[in-house]
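Visitor: Just dropping this structure here.
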Amino acid sequence: MSSENSHECKSDEFLEVISEKSGQDIGNCYQCGKCTAGCPMAAQMDLPPSMVMRYMQMGISEELKKASSRWDCVGCLVCGDRCPKLCNPASVMEALRVDDIKSGRRVAELSDLPVNFVKKAPQQALVSGLRKYVP
Ligand code: SF4
Ligand code: SF4
């Protein structure tokens, strides 16, 4: 997970899966907070993108599993655009969502969405809107 010039990271199997799926070298994040400052959903999140990166570095996997911010993420990619270290927290968010779905831990329910949105949105938006980066 870490490379030359990156911070040492604690890890476990869950964190290794998320790192691998996201394709991110989590140790490169130096916690400047620019991703969170630009995230349009940060105010709604229990764990904004910079903190997700920090929890990954610190090996706080149980709290990471409990957090729901990945389901507030709208996949806009602003976080990655702003990162001076070329990290992409959006990919980490998606890897966490995919892991949620695969493990049955938590999924976004259709009933969580506003009825008017569901009636008007194309099916493709519902299926692919948050599945852009992780296979
Ligand atoms: S902008 Fe990049 S380096 Fe800064 S906190 Fe976010 S992920 Fe880490
Ligand atoms: S992709 Fe997600 S985490 Fe990144 S800025 Fe957009 S809403 Fe925030």
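Visitor: Of the residues in the stretch 9-41, how many are open to solvent by less than 30 Å² (accessible area, probe 1.4 Å), more than 15 Å from ligand 1 (Cβ to nearest atom) and free of Cβ contacts under 8 Å to residues at least 40 places away in the same chain?
Guide: 0
Visitor: Scanning the stretch 47-82 for residues that are charged (D, E, K, R) and closer than 17 Å to ILE18 by Cβ, which turns out least open to solvent (accessible area, probe 1.4 Å)? It would help to see each step written out before you state the result.
Guide: Residues of the stretch 47-82 charged (D, E, K, R): 54, 62-63, 65-66, 70, 72, 81-82.
From what's left, closer than 17 Å to ILE18 by Cβ: 54, 62-63, 65-66, 70.
Values: ARG54: 88, GLU62: 106, GLU63: 87, LYS65: 49, LYS66: 131, ARG70: 4 Å².
The extreme case among them is ARG70.
Visitor: Do we find a residue being assigned to a helix (DSSP H, G or I), modelled with pLDDT under 75 and either in contact with a Lys or Arg (Cβ under 7 Å, 6 or more places away or on another chain) or hydrophobic (A, V, I, L, M, F, W, C) (or both) anywhere in the stretch 80-91? Walk me through how you get there before you give the answer.
Guide: From the stretch 80-91, those assigned to a helix (DSSP H, G or I) are 80-82, 89-91; that's our starting set.
From what is left, the residues that are modelled with pLDDT under 75 are none.
Looking through the stretch 80-91, none of the residues is assigned to a helix (DSSP H, G or I), modelled with pLDDT under 75 and either in contact with a Lys or Arg (Cβ under 7 Å, 6 or more places away or on another chain) or hydrophobic (A, V, I, L, M, F, W, C) (or both).
The values are calculated or read from the model by the stated rules, or taken from the named source; none is laboratory data. What you are looking at is a predicted structure, and each value in this text was computed from that prediction instead of being measured. Here Cβ is always computed from backbone atoms with ideal geometry, including for glycine, and neighbour counts include all displayed protein chains. For accessibility, only protein heavy atoms count, side chains too; no ligands or nucleic acids. Shrake-Rupley method; radii C 1.70, N 1.55, O 1.52, S 1.80 Å.
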